[in-house]
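To start, the structure itself, in structure tokens.
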Amino acid sequence: MVEAVLLDLFSLPANLQSNIQGLLRNTLETIEKCSSIPAPFVYVMCCQKQGSERNSKQESLLPALREVQSLKKRLEVVRALTTAAALYTIKQRLDEKDLSIIKVILPTLRKDLMKVYIDHLFTAVYQFEFEDLQVASDCENLQMAEPRSEEQTLPTQDVAFIRSEIQLYLESLPSLKGELTILRSSLIPDDIFLHGFTTRTGGISYIPTLSSCNLFSSSKRRDPQVVVKENLRRLANAAGFNPETFHRVKIDHANAVCIMGKTEPDSYDGIVTNQKGVTIAAPGADCIPVLFADPVRKACGAAHSGWKGTLLGVSMATVNAMVSEYGCNVKDILVVLGPSVGPCCYKLPHESAKEFHRIDPKCVRLFDSASPYIDIRRATRILLESGGILPENIQDDSVTDQNQNITFCTACHPDKFYSHFRDGTNFGTQIGFISIKD
């Protein structure tokens with residue numbers, strides 16, 4: 001069932017401009033007639049030129065649009081300087097109402113162009129169908145939207161122009177939730193390494209559970225890759241690394257490790273490098289982003305350690321990769337555990353809790369309950385120490401000086417961090433990142 005209709009008037013053919021009011025009335029009547037009750041939301045998208053560049057034909061549409069808008073409470077006119085700006089504004093309206101099935105009515109010549117914009121600004125959460133803008137005599141089916149499957153037909157240079165337009169628009173948007181904040185550990189020497197753990201402030205993601213510096217895009221979430229890319233660009237500018245040489249682990253909730261410069265596995269939760277100027281990162285939204293630094297051999301690593309990865313030993317697998325690949329001494333490696341869900345909040349089914357109890361009974365609280373509380377940080381420390389990492393070379397929430405603590409509970413701090421445990425499936429992602437300075 002169609003939930004919203006987008007009427008694209010950005011570039012109307014001359015033969016339609018002469019009778020815009022009648023065209024709009026007929027189109028809206030068709031939408032009303034062919035839709036379920038209540039009728040779908042309707043967004044009319046049109047161009048607004050600046051200053052002396054104003055297009056008289058486009059301006060002549062505005063009185064007609066205002067008249068139509070007054071006739072329909074669920075209709076909104078969106079005027080913007082660019083298609084990217086107008087479409088992104090409409091996306092915000094759709095997301096506010098949690099709408100995802102959209103019919104786009106537009107001139108035939110705009111169809112391929114619009115598909116490129118949609119592919120960049122939306123994700124697979126949304127379904128689109130397209131209809132030519134014309135005075136329809138019969139009722140077309142507005143109840144079911146077909147998935148987008150047609151291939152792009154625009155020339156490469158046109159696609160590049162659209163990407164550039166989108167990028168420039170996103171770069172112009174203000175940061176949300178305050179300034180971008182990066183947490184840093186005093187354990188990792190900043191004369192050798194650039195590192196940090198991100199929080200949720202300072203980006204442009206606007207959906208409540210993703211706002212604002214979300215750093216991961218998924219087909220199951222509403223934040224598109226272009227928004228995540230812009231958040232990363234802002235992070236890179238603030239932190240001082242090159243986003244073009246940024247590498248994030250490809251999560252599998254296991255213990256595989258990627259060695260930078262060698263064949264990349266299909267998926268991996270750990271990554272190591274000794275290349276200068278290459279930034280590696282691990283995400284987290286309850287799972288632990290773990291950073292590793294060897295100031296002697298000048299090598300570093302990052303790992304994503306959820307409860308499965310913790311039990312599979314992903315942190316020690318990352319340490320072992322640094323030892324075998326770069327000749328690191330395990331006693332020289334520094335390890336910092338980033339923001340993650342704490343034992344105050346995190347529960348697992350009893351069968352899974354047994355595995356943590358075997359590592360150390362203190363890793364489990366209320367062991368006899370159906371869903372005991374789990375301390376995956378303590379388990380990570382114990383496994384690292386068992387592998388030869390010196391206790392004083394590990395920083396976690398057990399630090400004596402809590403002013404130095406950066407291993408905050410993600411679930412307990414909704415203003416600072418994302419949390420899958422707290423927010424559900426449409427959660428945002430923060431990261432831990434590290435690189436070797438030039």
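What follows draws every value from the coordinates through simple rules; no lab data is involved. None of the values given here were measured: they were computed from a predicted structure. Methodologically, a virtual Cβ is constructed for each residue, glycine included, from the backbone with ideal geometry; neighbour enumeration extends over all protein chains shown.
Here is how the numbers come out for the structure above:
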{"item": "Distance (nanometres) between label positions extended 7 Å along Cα→Cβ at residue 253 and residue 26", "result": "5.5 nm"}
{"item": "Distance in nm between pseudo-label sites at residue 132 and residue 220 (7 Å out along the Cβ direction from Cα)", "result": "4.1 nm"}
{"item": "Value of relative contact order over the chain, rounded to a whole percent, pairs C-alpha under 8 Å and six or more apart", "result": "14 percent"}
{"item": "Between 0 and 90°, nearest 10: helix 83-96 axis offset from the chain longest Cα axis", "result": "70 degrees"}
{"item": "Centre separation in Å (Cα based) which lies between the range 227-265 and the range 82-111", "result": "31 Å"}
{"item": "Proxy reagent accessibility, fewest Cβ within 10 Å first, across 316, 45", "result": "316, 45"}
{"item": "Spin-label pair residue 93/residue 237, simplified geometry with 7 Å Cα→Cβ offset, distance in nm", "result": "2.9 nm"}
{"item": "Computed over the chain, Cα set: Rg, Dmax in Å", "result": "26.0, 79"}
{"item": "MRE, 222 nm, helices only [DSSP H, n ≥ 4, -39500 (n - 2.57), over the chain, to nearest 500]", "result": "-9500 deg cm²/dmol"}
{"item": "Helix 376-386 axis, angle to the chain major axis (alpha carbon atoms, nearest 10°)", "result": "40 degrees"}
{"item": "Relative contact order of the range 182-436, pairs being alpha-carbon contacts under 8 Å that are 6 or more residues apart, as %", "result": "25 percent"}
{"item": "Longest DSSP-loop-exposure-free segment, trypsin sites (Lys or Arg not before Pro), the chain, at most 12 other Cβ within 10 Å", "result": "263-438"}
{"item": "Degrees between helix 350-359 axis and first principal axis of the chain (Cα, 0 to 90, nearest 10)", "result": "40 degrees"}
{"item": "Computed E for residue 159/residue 192 - FRET, C-beta separation, R0 41 angstrom, nearest 0.05", "result": "0.50"}
{"item": "Long pairs among 91/111; 220/362; 262/437; 115/229, criterion Cα-Cα beyond 29 Å", "result": "220/362"}
{"item": "Added length on full extension, which subtracts the Cα-Cα distance from 0.36 nm per residue, residue 76 to residue 392", "result": "107.7 nm"}
